[in-house]
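Before any comments, here is the structure.
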Amino acid sequence: MLGNQKSTLFLLAKLFVLSFGVLFFVSPDSYTHDTFEQFDTAWFFTCGKAWMSGMTPYVDFADSKGPLLWLIYGVGYLISSFNYIGVFWLSVLLYTAVFYYVYLIAKLFLKKDDISFFVTVCMTLSYFCHWFHHEIRAEDWCQLFIAMTFYYSCRWLYATETKNHRDCHIACFVLGISLAGTLLIKYTITAMLGVVACYMLYAVIREKENILYSFLSFLSGFLIMIAPFVIYMMCVGCFGAFIQEYFLNTLQTVDTYNTVGTYLHEWLMPTHETHALVLLLLCCVGAYLMSKVVKRDKYFFLVSFIGFYAISVHHYLFYYLCSSLFFPLFFIIPVVRQLPNFRPRSFLTVSIICFVVFMNSFNQGFVSDSWFFKDSSFRKDYYNVAYIMSGVSNPTVVHYVSSEHGQGIPSGALPGAKYWATQLGATPEMKMNQEEAIQKHQTDFVIVSNLYPGLEEHKDFVLSSGYRLIYEYTCWGEHYFVFTKHQNLPLPPSDFHVSSTDILLKRNIFNK
């Protein structure tokens, strides 16, 4: 027993080193990268920071994501308040756990420790494929729930000739945890796991398992995960706002795209998007090969993947397919299984990791500007804005008809309105909330960009509300205008410079 514990700890240590080694170079949240290139991370971090700073979720600030995601970023904020290093360390722990379950799934079918570890290393090619993966997003934080669900489901479906009642109930319990966990992050991924839940229900009925016990196992897992959040939101009086914002308002932001014609067109994406075609073919072929490996439930892998892909392809953005990046595992396992006398070599393992790092180091053919050694004009403008905002104690900001890109992160800025930044498909009520905050001077800073039509109209509105333009700059073809209600704010001196060493060591530039 003690030997098994030592073996597990040693495995976890190796997986931690793998996770840290890859994310240290790949993740934009890492020491090796600056903070100005993140998109979703900036939104989530601002929400987590607002929550930890005493603001009420879904009342004082809102976005179309669940409270577990904001809690994760809130913890990241408490670890490191003016950059994403806290989030980076949490993501290292996340992928250590993800890789652990990937390893366990591989070992179910391959039986050998060294080959299972090699398969886990190969999965870095999928999880951090530069075609889909740019930063740590909501899809990443759901990967643990996906991997857990498939491990315990596969253990019950395939590990023994005679199905074990206990394994069935554990699989149902974990499925409940995972459905609740993903529901508290991004409910479209809950719908994807719902396909797995339907298959498991079919298997439970087919195997004549006790449906009541199975359901109670599922329900207990679901409630253990979701009850603390529900109780908290009811105690602070934001549960109704949570339902309204997270479910109803989010659906309104995508309602105009929900047509059958649009969805059918999205399914044609592999005909003109090479990376989508590769993922679709790879996973379908893998599902077919896995059906030759197992003796029963041969369609589990295909049904599960199609369920994930069919939902992630809707309203397609490249990173939506990150939810499906777990499934290349079922291509790698049967391929490795068929290699005679295969023994993974250290050189091959290191080469795979180096390839993943290399392919993630570039953006449109150039070394990414967020690397710590790239002293670019983007960095200069980003920190000039942060310098200006740091002239106000506890500043607030509204990105008026504009997206959040983390300009307020180094200065500790908080949301200046409930809808402090503009979601894709934002409703008129969301825009009105921003305008009311601007007209009432509730926010210290307003940032406007040409991301959406009507730039001049939006600038004129901000100016007519009593704000003044204090800075403007261009980043990746998007032009930004920074306004403030304050007079005599100091501009950055000519010798103000944030060095590569400042970025690498994650120094607090503004000493707050």
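Some values worked out for this structure:
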quantity: Odd one out for Pro490, checked against (1) modelled with pLDDT of 95 or more; (2) open to solvent by 60 Å² or more (accessible area, probe 1.4 Å); calculated: (1)
quantity: From the options Val254, Val174, Val195, residue that is at pLDDT below 95 and under 22 Å from the mean Cα position of the chain (by Cα); calculated: Val254
quantity: Qualifying positions in the stretch 132-157 - open to solvent by 30 Å² or more (accessible area, probe 1.4 Å) and over 15 Å from the mean Cα position of the chain (by Cα); calculated: Tyr152, Arg155
quantity: Residue in the stretch 283-291 that is open to solvent by 40 Å² or more (accessible area, probe 1.4 Å), of a type outside the set (A, V, I, L, M) and modelled with pLDDT of 95 or more present; calculated: yes
quantity: Check on Ser323, over 26 Å from the mean Cα position of the chain (by Cα) and either open to solvent by less than 60 Å² (accessible area, probe 1.4 Å) or modelled with pLDDT of 95 or more (or both); calculated: no
quantity: Residue within the stretch 116-124 that is in a helix (DSSP H, G or I), open to solvent by less than 20 Å² (accessible area, probe 1.4 Å), more than 27 Å from Val293 (Cβ to Cβ) and in contact with a Lys or Arg (Cβ under 6 Å, 6 or more places away or on another chain) present; calculated: no
quantity: Counted residues, the stretch 334-352 - those being touching a residue at least 12 places away in the same chain (Cβ under 8 Å) and either open to solvent by less than 40 Å² (accessible area, probe 1.4 Å) or part of a loop (DSSP other than H, G, I, E, B) (or both); calculated: 7
quantity: Residue, nearest to Asp140 (Cα to Cα), within the stretch 38-66, restricted to residues that are of a type in the set (Asp, Glu) and assigned to a loop (DSSP other than H, G, I, E, B); calculated: Asp63
quantity: Pair list, Cβ under 6 Å, 6 or more apart: the stretch 237-254 residue open to solvent by less than 20 Å² (accessible area, probe 1.4 Å), other residue assigned to a helix (DSSP H, G or I); calculated: Phe242/Met233
quantity: Test: Tyr95 is under 27 Å from Trp70 (Cβ atoms) and open to solvent by 30 Å² or more (accessible area, probe 1.4 Å); calculated: no
quantity: Scan of the stretch 396-418 for residues that are modelled with pLDDT of 95 or more, open to solvent by less than 20 Å² (accessible area, probe 1.4 Å) and over 19 Å from Arg507 (Cα atoms), ordered by number; calculated: Val397, Val398, His399, Tyr400, Pro415, Gly416, Ala417
quantity: Condition met for Phe331 (closer than 18 Å to Tyr187 by Cβ, modelled with pLDDT of 95 or more and assigned to a helix (DSSP H, G or I)); calculated: no
quantity: Considering residues of the stretch 441-451 that are at pLDDT 95 or above and part of a loop (DSSP other than H, G, I, E, B) only, the residue least open to solvent (accessible area, probe 1.4 Å); calculated: Thr443
quantity: Index of the failed condition, Ile85 passing every other in (1) buried (at least 21 other Cβ atoms within 10 Å of the Cβ); (2) more than 13 Å from Gly48 (Cβ to Cβ); calculated: (1)
quantity: Residue in the stretch 153-161 that is under 28 Å from Val26 (Cβ atoms), at pLDDT 95 or above and either part of a helix (DSSP H, G or I) or in contact with an Asp or Glu (Cβ under 7 Å, 6 or more places away or on another chain) (or both) present; calculated: yes
quantity: Unique match (being open to solvent by 30 Å² or more (accessible area, probe 1.4 Å), under 17 Å from Phe16 (Cβ atoms) and out of contact with any strand residue (DSSP E or B) (no Cβ under 9 Å at 6 or more places or on another chain)) among Tyr77, Tyr31; calculated: Tyr31
quantity: Test result for Ser393, open to solvent by less than 30 Å² (accessible area, probe 1.4 Å) and of a type in the set (Ser, Thr, Tyr); calculated: no
quantity: Whichever residue in the stretch 452-473 is in a strand (DSSP E or B) and without any contact (Cβ under 8 Å) to a residue 60 or more places away in the chain and, among such residues, is surrounded by the fewest Cβ atoms within 10 Å (Cβ to Cβ); calculated: Arg468
quantity: Filter result for Asp60 (under 19 Å from the mean Cα position of the chain (by Cα) and either within 20 Å of Tyr232 (Cβ to Cβ) or open to solvent by less than 10 Å² (accessible area, probe 1.4 Å) (or both)); calculated: no
quantity: Total residues in the stretch 353-390, condition assigned to a helix (DSSP H, G or I) and open to solvent by 20 Å² or more (accessible area, probe 1.4 Å); calculated: 11
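The values are calculated or read from the model by the stated rules, or taken from the named source; none is laboratory data. As the structure is a computational prediction, the values presented were derived from the model and not from experiment. Backbone-built Cβ (ideal geometry, glycine too); neighbour counts: all protein chains shown. Heads up: the accessible areas ignore ligands, DNA and RNA and are worked out on the full protein's heavy atoms, side chains in. Shrake-Rupley method; radii C 1.70, N 1.55, O 1.52, S 1.80 Å.
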